[in-house]
Amino acid sequence: MPASDTTLAALAPLAIAALAWVLLHGLVAGRLRPLLVARLGLPAYRGLFSIMSAVFLGLLIWTYSKAPYVEVWPATSALAMVPLMVMPVACLLLVGSLRPSNPTSAGPDMLAQAKDKELPVRGFTKITRHPMLWAFSLWAGSHMIANGDLAHWLLAGAILLTALNGMLSIDSKRAAQFGERWQRFTEKTSIIPLVAVAQGRVRLQWKDIGILNIIAAAVIYGAFLWGHAILFGVPAFHP
């Protein structure tokens, strides 16, 4: 049955929150960033952006919790398997992204590399230059498939859009920051996972992934499976 105008209107707060989240990352972390950094200084800008991100994310989650259910396609046990299979990979990429040697990460470790001769290509950067953003993208995309309703699409779609755009935005910022060193770094890496490995531009070794990362990812995945119903109101798998 088509959704009523009243039901669709009840989705408006979530739609506004999703748009605000996208604009925050597209403008404040994008085109407006140089102006804001010049005005505020980098530490103050980062602090302000972190606070705004936390507030906007909280608003996004809160409006999602209040949004009505408007089905586009029914949830099935087959579709529910998609995030169950994808999320272990997302968890591993998330754990691997926390390695401080990744030039696409923000913070003192990355900034210190400005003085180095070459940007390091090791660990999960051999898989993709953006392991954390791919973790978010896999979460969002898999949950959009498993949950065919408009509220899920607005929530996960906003995160997916900002994650994918973030990869291009970070590449552009690092190119301006590191110049030729970034060009040499991109020649050995890829945005899309494992493309550089498949093309023979870099060799992925077992030590780049590491057993400790796998164990940590398994613990995180297990915790989410156990706590999914508590945190989100539905079990991770519901036949």
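The values are calculated or read from the model by the stated rules, or taken from the named source; none is laboratory data. Everything numeric in this text was worked out from a predicted model, so none of it was measured. Every residue, glycine as well, gets a Cβ built from its backbone with ideal geometry; the counts of neighbours run over all protein chains shown.
Below is a table of values for the structure above.
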quantity: Residue 104 vs. criteria within 20 Å of residue 173 (Cβ to Cβ) and modelled with pLDDT under 90; calculated: yes
quantity: Hits in region 175-218 - residues which are surrounded by 12 or more Cβ atoms within 10 Å (Cβ to Cβ), closer than 19 Å to residue 95 by Cα and either out of contact with any Phe, Trp or Tyr (no Cβ under 9 Å at 6 or more places or on another chain) or among the β-branched types (Val, Ile, Thr) (or both); calculated: 189, 190, 191, 192, 194, 204, 209, 210, 214, 216, 217, 218
quantity: Checking residue 69 against (1) under 30 Å from residue 222 (Cα atoms); (2) in a helix (DSSP H, G or I), the condition it does not meet; calculated: (2)
quantity: Inter-residue pairs, beta-carbon under 8 Å, first not assigned by TED's automatic domain parsing to the domain that holds residue 82 and in region 120-142, second buried (at least 24 other Cβ atoms within 10 Å of the Cβ), 6+ apart; calculated: none
quantity: Count - residues of region 176-205 that are on the phi > 0 side of the Ramachandran plot and either in contact with a strand residue (DSSP E or B) (Cβ under 7 Å, 6 or more places away or on another chain) or touching a residue at least 60 places away in the same chain (Cβ under 8 Å) (or both); calculated: 1
quantity: Subset of region 61-97 that is polar (S, T, N, Q) and in the same structural domain as residue 140 (by TED's automatic domain parsing) - its residue that is modelled with the highest pLDDT; calculated: 97
quantity: Residue check for residue 52: in the same structural domain as residue 209 (by TED's automatic domain parsing) and part of a helix (DSSP H, G or I); calculated: no
quantity: Identity of the residue in region 140-174, under 8 Å from the mean Cα position of the chain (by Cα) and not small (Gly, Ala, Ser), that ends up farthest from residue 200 (Cα to Cα); calculated: 159
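To keep it simple, each residue is scored yes or no on (1) crowded, with 18+ Cβ neighbours inside 10 Å; (2) at pLDDT 95 or above.
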site	(1), (2)
100	no, no
116	no, no
122	no, no
138	yes, yes
141	yes, yes
147	yes, no
151	yes, no
160	yes, yes
173	no, no
